[in-house]
1. For segment 138-150, what does the Karplus curve 6.51 cos²θ - 1.76 cosθ + 1.60, with θ = phi - 60°, yield as ³J(HN,Hα) per residue in whole Hz, taken in order and with x for Gly and Pro?
2. Heavy-atom accessible area of MET181 with all protein chains present, probe 1.4 Å, nearest 10 Å²?
3. Give the lysines reachable from LYS79 as a straight Cα distance under 25 Å; neighbours fewer than 8 places away on the same chain don't count.
4. Kindly write out, for segment 97-103 in residue order, the coupling ³J(HN,Hα) from the Karplus curve 6.51 cos²θ - 1.76 cosθ + 1.60 (θ = phi - 60°), rounded to whole Hz, with x marking Gly and Pro.
5. Given H placed on each backbone N at 1.01 Å, which residues far from HIS56 in sequence or on other chains put an amide H within less than 5 Å of it?
6. ³J(HN,Hα) across segment 112-127 via Karplus (A = 6.51, B = -1.76, C = 1.60, θ = phi - 60°), whole Hz, x for Gly/Pro?
7. Decide, for segment 146-188, between rounded, prolate and oblate: order the square roots of the alpha carbon gyration tensor eigenvalues as a ≥ b ≥ c, take rounded if a/c falls under 1.5, and otherwise choose prolate if a/b is larger than b/c, else oblate.
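The values are calculated or read from the model by the stated rules, or taken from the named source; none is laboratory data. Because the structure is predicted, anything quoted here is derived from the model rather than measured. Please note that ligands, DNA and RNA were not included when accessible areas were found on the heavy atoms of the full protein model with its side chains. Shrake-Rupley method; radii C 1.70, N 1.55, O 1.52, S 1.80 Å.
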Amino acid sequence: MVTIIEDESDNVPLVHSLQELTTESTRASAAPPLEYPNVSRIVRAGPKLGADGKPHYLIDDIPDNEKQRLIRESGLLKKYAKDKSHGTGSDHGSDVEDELQELQEEYDRASDIPLWMDAIIYTVGLAAVYGLFEALVNQQYSVEVTVTEVIQRMAKVAPALYAIVYGTLRFCKTRVVNLVMLVAACVS
């Protein structure tokens, strides 16, 4: 309940009297103040710093002879020696790359869609984009064009697009086709 007390001075600003009213009303129903977390207890991620200010990792606590024993027992050195007998030891990465390339080629050969059908799918999409551009250019120059005219032009372009797409898909792994595509892209 708020009671209004008349002050003897008539010069009390309204803001001060409102502040007094709000502080009196909040004191009566005030909840305990919220506690803020102690910032000093927050642990930062990362290594602990040593006395010299440099990071101190747990691996540094393991003696070197124990590290050597763990490496020998894991068989890592034997595996590296086998890889090194086949080459320099760094060839292991290229073996993995060759294996991945063989898997990719096997996946390409085992594709469910034949190459000619794949080329048709790409050709339909490219012909549609060509028709859209044809209609937009004609509209830009205020030339009226009908849908049948656009479809006829798309039909004229489709065989050339099919030949380009099929050739690209069929011979995309050969260096000659890659070089021709590079030159064509640079010229255009």
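1. Once rounded to whole Hz, the list reads 5, 5, 4, 8, 6, 9, 6, 9, 8, 5, 5, 5, 5.
2. Near enough 70 Å² of accessible area.
3. LYS67
4. Rounded to whole hertz, the list is 5, 4, 5, 5, 5, 5, 5.
5. Sorted by chain and number, the residues that satisfy this are LYS48, LEU49, GLY50.
6. With the stated coefficients, segment 112-127 comes to 6, 8, x, 5, 5, 6, 4, 5, 5, 4, 5, 5, 4, x, 5, 5 Hz.
7. In terms of gyration-tensor shape, oblate.
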